[in-house]
Structure formats: C-alpha cells, structure tokens
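Report on the structure given below.
The values are calculated or read from the model by the stated rules, or taken from the named source; none is laboratory data. Computed from a predicted model, the values in this text were never measured in an experiment. Reconstructed Cβ throughout: ideal geometry from the backbone, glycine too, with neighbour counts over all protein chains shown. The protein model used for the area step is the full one, side chains on, heavy atoms only, and it has no ligands, DNA or RNA in it. Shrake-Rupley method; radii C 1.70, N 1.55, O 1.52, S 1.80 Å.
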Amino acid sequence: MKREKILWTGICLELLVLSVFFGSLMREKSWEQEQRLASSQEVTAEKDYIKWVDFNVTAEALAKSYAYDVDTWEQPVHLCWIQLLAYAAARTGGDFSRQSQAETYLEEAAQALLDGKTMEELTGELKYYDYYLEAYTAVLGGLVGEYQAETEEGWENRYGLKAYLPIAKNFPYSDYDDFGASRSYGYRRPHLGHDMMGQVGTPIVAVESGYVEALGWNQYGGWRIGIRSFDKKRYYYYAHLRQGFPYALDLEEGSVVQAGDVIGYMGHTGYSTKEDVNNIEITHLHFGIQLIFDESQKDGNQEIWINPYELVRFLYRNRCETARNDETKEWKRIYEIRDPACEAFEQAQNDKSDP
C-alpha cells in the first residue's frame with residue numbers, strides 16, 4: 001500500500017510538472033505572437049507599412065467567408081469576406097487551426113452585420129483588427145469582384161472569384177504543405193513557396209490578372225515568371241518551367257495578363273548558373289506569393305513570402321480549361337474573361353503615354 005501511494009504521488013508530480021511546462025509553452029507562444037503583432041504595428045505607425053505577415057487562414061475559412069460575400073452581393077447589406085476574416089483573426093490572434101472557433105467568429109460577425117451593426121461597432125475594441133484587415137487585403141484584394149465571363153451563349157456579367165488555380169483544368173498534380181522546408185542549393189534557406197508536382201508541359205495559368213515584372217532565367221528557379229498585381233501588393237512567382245519551351249510565345253516583360261491566361265509550362269529547370277538546364281529532380285511548379293507594402297521590401301532581407309497552401313486548396317474550385325493548338329504546340333484558354341482591373345490599368349498606362 002505504501003509503495004502504491006509513493007507511485008501515485010510520483011505520477012501526480014509528473015502530471016503537475018507537465019501541466020506547468022505546457023502552460024508555460026502556451027503563454028510563451030501567446031506572448032511571442034503578441035510581441036510580433038505589436039512590433040508590426042509599431043513598424044506600420046513609424047514607417048507607414050507592414051513588415052511581417054503570417055497568413056494562416058484555412059481553405060475552409062476562406063470558403064465560408066467567400067460564400068457570405070457572394071450570397072449578399074447586391075443585397076442591402078453586403079458582407080466583405082476580407083473584413084469577416086480580419087474580424088475572426090483579431091478574435092483568435094490569427095490562429096485558424098481550430099476550425100470550429102474560427103467559423104463561430106465568422107458567423108458571429110456576419111449575423112451582427114446583417115442585424116444592423118457596423119464593422120466599426122464590432123471591432124472598436126479589437127486591437128489588431130486594422131492590422132489584419134490591411135494584411136489580408138494585401139493577400140486577397142484582387143481575387144474577388146465583378147467581371148465578365150465568356151460562355152457558349154455569349155458574355156455574362158458576374159460577381160465572384162476571378163482568380164484561378166495555377167494548374168490548368170484536367171491536368172493532374174499532387175501537393176502537400178511544404179512551406180518552410182529546408183533547401184540547400186547555393187545556401188541553406190527555407191522553402192518560400194508551394195510545390196505542385198505534375199507532368200512536363202502541363203499548362204500554368206496566371207492566378208490573378210497583372211503585368212509581367214520578371215521573365216527569364218534564375219539559377220534557383222530556372223525559367224521563371226514574376227507577375228505583379230495591379231495594386232502592386234502581390235508578386236506571383238512561377239518557377240522551374242519547361243526546358244526549351246517555358247513560356248507562352250507572346251509573353252514578355254511588361255505584358256498584361258488576365259487571370260486564367262496560360263503563361264507557361266511545367267518543367268524542372270533550375271539549380272544551375274547555365275540557362276535551360278534540368279537540375280531539379282522532380283517535375284513541379286514552384287508557386288510563391290510575395291507581399292509588398294513598400295518597394296523597399298521587393299528584394300532583400302525585408303521580403304515577405306506567405307504560405308500559399310491553403311489558398312491553393314481554396315482556388316481548386318476555379319480551374320481554367322485549356323485546349324492545344326497543334327500548329328504552335330501552345331495551350332490556350334477556351335473561355336476568356338474581361339477583368340475590369342485590366343481595363344483600368346491599361347487605360348491608366350495609355351493616359352500616361354498621351355502627351
């Protein structure tokens with residue numbers, strides 16, 4: 001009996017130590033997150049731009065907030081999906097890992113707004129709402145809106161998702177969350193993108209409308225394309241494109257592309273200072289998203305790359321169908337869209353060039 005009592009006391013002590021340890025870890029994690037958010041806000045206040053973003057919104061939360069947005073379009077109260085997500089983030093500290101909790105906050109905000117409350121009333125005491133609203137707007141700002149879609153019957157006016165998965169429809173691929181994994185070519189560094197494995201020649205499409213900012217060889221990414229969103233907040237990076245035939249034939253730096261346009265073809269080029277070399281073992285698209293709040297962040301130590309994995313899962317619902325031109329061996333989209341953002345950008349460019 002005495003031995004059992006000693007054993008039981010030992011177990012209780014171990015449980016107490018574990019409880020204190022894990023409680024300390026959780027407090028430390030919460031404190032670190034608070035410090036990073038506070039630091040980001042200080043930077044925003046001092047230099048007028050955000051310096052750090054963790055985008056942890058799940059595909060499920062994106063889908064739920066998106067449904068609220070689309071369902072209330074042209075209704076007396078239109079719910080903005082980015083505002084709903086920023087509210088949920090401000091309530092959870094940006095942690096969407098507990099899906100039911102995040103969904104509860106999305107529902108709470110949506111219902112309150114539909115009942116007549118304003119977002120200012122809802123978020124007045126939420127310290128980091130403005131931060132999350134600006135950060136999430138930078139990530140998602142150009143993905144949903146009005147556009148025209150070509151159909152078999154003609155053109156239709158639509159509102160909704162006007163961004164696409166980067167892999168064309170009917171082409172298989174596999175992926176997993178590999179953001180932050182170690183890479184060693186050249187120097188040891190984290191993987192700042194999302195790899196989508198598939199077949200050589202798979203058409204790669206523009207996720208969002210924008211203009212080509214970079215085109216050519218990079219020893220790490222091989223043949224790659226960099227497309228900047230029109231608001232300049234997002235830089236989309238498509239790398240390891242096909243040897244010998246990496247790009248759409250009419251693509252060049254400065255080209256304006258519509259979301260869903262075929263821009264290139266999957267391959268495994270890269271890891272070489274010599275051009276057009278296949279040194280990547282597995283055929284895949286490296287897809288990256290960089291956020292830019294100030295041009296000083298475009299290149300160098302202040303770069304902000306977010307994890308695109310959950311966003312890619314969400315975009316799976318919108319894949320662009322393509323067809324092959326046997327003469328040119330190019331793939332082209334079957335149905336076009338007209339994105340007002342493209343028209344506005346091109347008009348602005350024309351206005352600049354007019355004397």
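Specify whether the C-alpha gyration tensor of segment 94-178 places it in the rounded, prolate or oblate class, a ≥ b ≥ c being the square roots of the eigenvalues: rounded for a/c under 1.5, otherwise prolate if a/b is larger than b/c and oblate if not.
oblate
Projected onto the charge dipole of segment 91-180 (+1 at Lys/Arg Cβ, -1 at Asp/Glu Cβ, origin at the Cα centre), which of TYR173, SER100, THR137 gives the Cα projection farthest towards the positive end?
Toward the positive end, the furthest listed residue is TYR173.
If amide hydrogens are placed 1.01 Å from N in the peptide plane, which non-local residues have theirs closer than 5 Å to the one on ILE263?
ILE204, VAL205, ALA206
Hey, what do the phi angles of segment 286-295 turn into as Karplus ³J(HN,Hα) couplings, whole Hz, using 6.51/-1.76/1.60 and θ = phi - 60°, x for Gly and Pro?
8, 10, x, 10, 9, 9, 9, 9, 8, 4
Quick one: if you stick a label point 7 Å off each Cα along the C-beta vector at ILE282 and TRP73, how many nm between them?
In this crude spin-label approximation the distance works out to 3.6 nm.
Tell me, what is the 1.4 Å probe accessible area of TRP305, in Å² to the nearest 10?
50 Å²
Show me, for segment 104-112, the HN-Hα J-couplings you get by feeding each phi into the Karplus relation (A = 6.51, B = -1.76, C = 1.60, θ = phi - 60°), rounded to Hz, glycine and proline as x.
So the J values, rounded to whole Hz, are 4, 5, 5, 5, 4, 5, 4, 5, 4.
Please work out the Cα center distance from segment 124-161 to segment 208-233, rounded to the nearest Å.
21 Å
Hey, what do the phi angles of segment 69-80 turn into as Karplus ³J(HN,Hα) couplings, whole Hz, using 6.51/-1.76/1.60 and θ = phi - 60°, x for Gly and Pro?
Karplus-based 3J(HN,Hα) across segment 69-80 equals 4, 5, 5, 9, 4, 6, 8, x, 10, 9, 8, 8 Hz.
Between LEU215 and residues 5 or more places away or on another chain, which pairs have amide H atoms under 5 Å apart, with H built 1.01 Å from N, and which residues are they?
Those qualifying (amide H under 5 Å, at least 5 residues apart or on another chain) are GLY226.
If I fit a long axis through the Cα atoms of helix 340-353 and take the longest principal axis of the Cα atoms of the chain, what angle between them do I get, 0 to 90°, rounded to 10?
60 degrees
Hey, got the dipole for the chain? About the Cα centre, +1 on K and R Cβ, -1 on D and E Cβ, debye to the nearest 20?
Values: 36 positive and 57 negative charges, 339 e Å.
Charge dipole of the chain: 1620 debye, to the nearest 20.
Over the chain, with every protein chain in place, what whole percent of the accessible area is carbon and sulfur at 1.4 Å, could you tell me?
On the way: 9050 of 18790 Å².
Answer for the chain is 48 percent, counting heavy atoms of protein chains only.
Which of GLY300, GLY93, GLY264 ends up with the largest GNM mean-square fluctuation for the chain, with Cα atoms connected below 10 Å?
Looking only at GLY300, GLY93, GLY264, the biggest GNM fluctuation is shown by GLY300.
Need one word for segment 172-275: rounded, prolate or oblate. Basis is the Cα gyration tensor (sqrt eigenvalues a ≥ b ≥ c); a/c below 1.5 gives rounded, then a/b vs b/c decides.
rounded
Have a look at THR328, THR202, THR283 and tell me which one the Gaussian network model of the chain (Cα, springs below 10 Å) gives the largest fluctuation.
THR328
Using only helices, what value at 222 nm comes out for the chain when you add -39,500 (n - 2.57) per DSSP H run of length 4 or more and divide by the total residues, to the nearest 500 deg cm²/dmol?
-11500 deg cm²/dmol
Take the chain, connect every pair of alpha-carbon atoms lying under 10 Å apart with a spring to form a Gaussian network, then pick out the residue of GLU134, GLU343, GLU275 with the largest mean-square fluctuation.
Comparing GLU134, GLU343, GLU275 in the GNM, the peak value goes to GLU343.
In square angstrom, what is the accessible area per residue of the chain with a 1.4 angstrom probe? Walk me through the intermediate numbers first.
Values: 18790 Å² over 355 residues.
On a per-residue basis, 53 Å².
Measuring from centroid to centroid over Cα atoms, what is the spacing of segment 75-93 and segment 271-293 in Å?
About 35 Å separates the Cα centre of segment 75-93 from the one of segment 271-293.
Skipping prolines and chain starts, which residues have an amide H placed within reach, meaning under 5 Å, of the one on VAL277, given they are 5 or more residues away or on another chain?
It is GLY270, by chain and number.
When a/c reaches 1.5 or more, the comparison of a/b and b/c decides; with that in mind, is segment 275-355 rounded, prolate or oblate per its Cα gyration tensor?
oblate
Using R₀ = 51 Å, calculate the FRET efficiency as 1/(1 + (r/R₀)^6) where r is the Cβ-Cβ separation of ASP54 and GLU343; round to 0.05.
For R0 = 51 Å, the calculated efficiency reads 0.90.
Give LYS232/LYS298; LYS332/LYS352; LYS169/LYS329; LYS162/LYS352; LYS169/LYS332 a once-over and call out the pairs whose C-alpha atoms are over 21 Å from each other.
Violating the 21 Å Cα-Cα cut-off are LYS332/LYS352; LYS162/LYS352.
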